[in-house]
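The numbers here are math on the coordinates, done by the rules we state, and not lab data. This one's a predicted model, so the numbers in the text were calculated from it and none came from an experiment. Note that we place each Cβ from the backbone using ideal geometry, even for glycine, and neighbour counts take in every protein chain shown.
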Amino acid sequence: MSTFDLIGADVESYCEAHSTPEDGLLYRLNRQTNLETINPRMLSGQLQGLFLAFISRMMRPSRILEIGTFTGYSALRLAEGLPEDGVLHTVESNEEYEDRIMDYFSQSPLGAKIKLHIGKAEEIVPGLDETWDLVFIDADKEDYQTFYDIVFPRVRKGGFILVDNTLWNGKVVHEEAFNDRDTKSVGAFNNFVQNDERVRNLLLPFRDGIMMIEKTQI
């Protein structure tokens, strides 16, 4: 099962056709990522990107953290909801993407609100002196629990954490698929969140699954 088989290519195409299209910059970034990178499916894309933009616009967060920049598409969409003095910090572990990311950030009027960090999130994030309103995690699946643990204390009460790929190609619903570390890690993370009494959570069967987590207790 591919990532997009969860809803079917025809349904996804219909949804895209009936959703606000990408602007020119996002379209070029989407297309270039698909043509020139090894794993283009890591890109959020039109529907998920628009979903992230809607969440951000509704929340109007002052401080956003993203773990897993890839080529910068999701960061640009999340930045759409930032107020005038808002800032988005995004962390990417693969330094090979840095020039591409910065090229697109420099072409966007939102680029000045985005701060790119290259390196390991577990080393960078604890050093950022911020309280997060919104966090988006879309990086190494084996480290989801680690990322959650390092960001949670700095998320404000009422803030949100969004975690991508929490259905992991549908494998998490089949015990026989728990034969690789990524599937085991995602499944264990989902179970942890479900039992975390400090939060309210919703696992959306959207694209490859997005876990929405509201921090309700300090």
Subject >> Under the Karplus curve 6.51 cos²θ - 1.76 cosθ + 1.60, θ = phi - 60°, whole-Hz ³J(HN,Hα) for the stretch 201-216, x wherever Gly or Pro sits >> reply: 9, 9, 8, 8, x, 10, 6, 9, x, 10, 8, 9, 10, 9, 7, 9
Subject >> Label point 7 Å beyond Cα of MET59 along Cβ direction - residues of the stretch 96-131 with amide nitrogen under 14 Å >> reply: 131
Original post:
Say each of LYS120 and MET102 gets a label point 7 Å from the Cα, pointing the same way as Cα to Cβ; how far apart are those two points in nm?
Top reply: 2.3 nm
Subject >> Restricting the stretch 1-103 to trypsin sites (Lys or Arg not before Pro) in coil, as DSSP defines it, with at most 13 other Cβ within 10 Å >> reply: none
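What size of dipole, in debye to the nearest 20, comes out for the stretch 1-76 about its Cα centre when the only charges are +1 on Lys and Arg C-beta atoms and -1 on Asp and Glu C-beta atoms?
Details: 6 positive and 8 negative charges, 78 e Å.
Result for the stretch 1-76 is approximately 380 debye, rounded to the nearest 20.
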Original post:
With contacts defined as alpha carbon pairs under 8 Å and 6 or more residues apart, what's the relative contact order of the chain in percent?
Top reply: 18 percent
Subject >> Theoretical FRET efficiency, 1/(1+(r/R0)^6), r = Cβ-Cβ of ASN195 and HIS174, R0 25 Å, to 0.05 >> reply: 0.75
Original post:
Just how large is the dipole of the chain about the Cα centre, in debye to the nearest 20, putting +1 at every Lys and Arg Cβ and -1 at every Asp and Glu Cβ?
Top reply: 660 debye
Original post:
Does the stretch 141-218 classify as rounded, prolate or oblate by the C-alpha gyration tensor (a ≥ b ≥ c root eigenvalues; a/c under 1.5 gives rounded; else a/b over b/c gives prolate, otherwise oblate)?
Top reply: prolate
Original post:
Which lysines have a Cα lying under 23 Å from the Cα of LYS171, excluding residues fewer than 8 positions away in the same chain?
Top reply: LYS141, LYS184
Original post:
Between LEU134 and residues 5 or more places away or on another chain, which pairs have amide H atoms under 5 Å apart, with H built 1.01 Å from N, and which residues are they?
Top reply: ARG63, LEU65, PHE160
Original post:
Using a simple spin-label model with points 7 Å from Cα along the Cα→Cβ vector, what separation in nm is obtained for THR216 and GLN32?
Top reply: 4.4 nm
Original post:
Which FRET efficiency value, to the nearest 0.05, is calculated for ALA188 and ASP140 with the Förster distance at 25 angstrom and r the Cβ-Cβ distance?
Top reply: 0.95
Original post:
Looking only at the stretch 174-218, which residues have a backbone nitrogen under 19 Å from a spot 7 Å from the Cα of ASP10 in the C-beta direction?
Top reply: 207
Subject >> Helix-derived mean residue ellipticity, 222 nm - over the chain, DSSP H n ≥ 4, -39500 (n - 2.57), to 500 >> reply: -10500 deg cm²/dmol
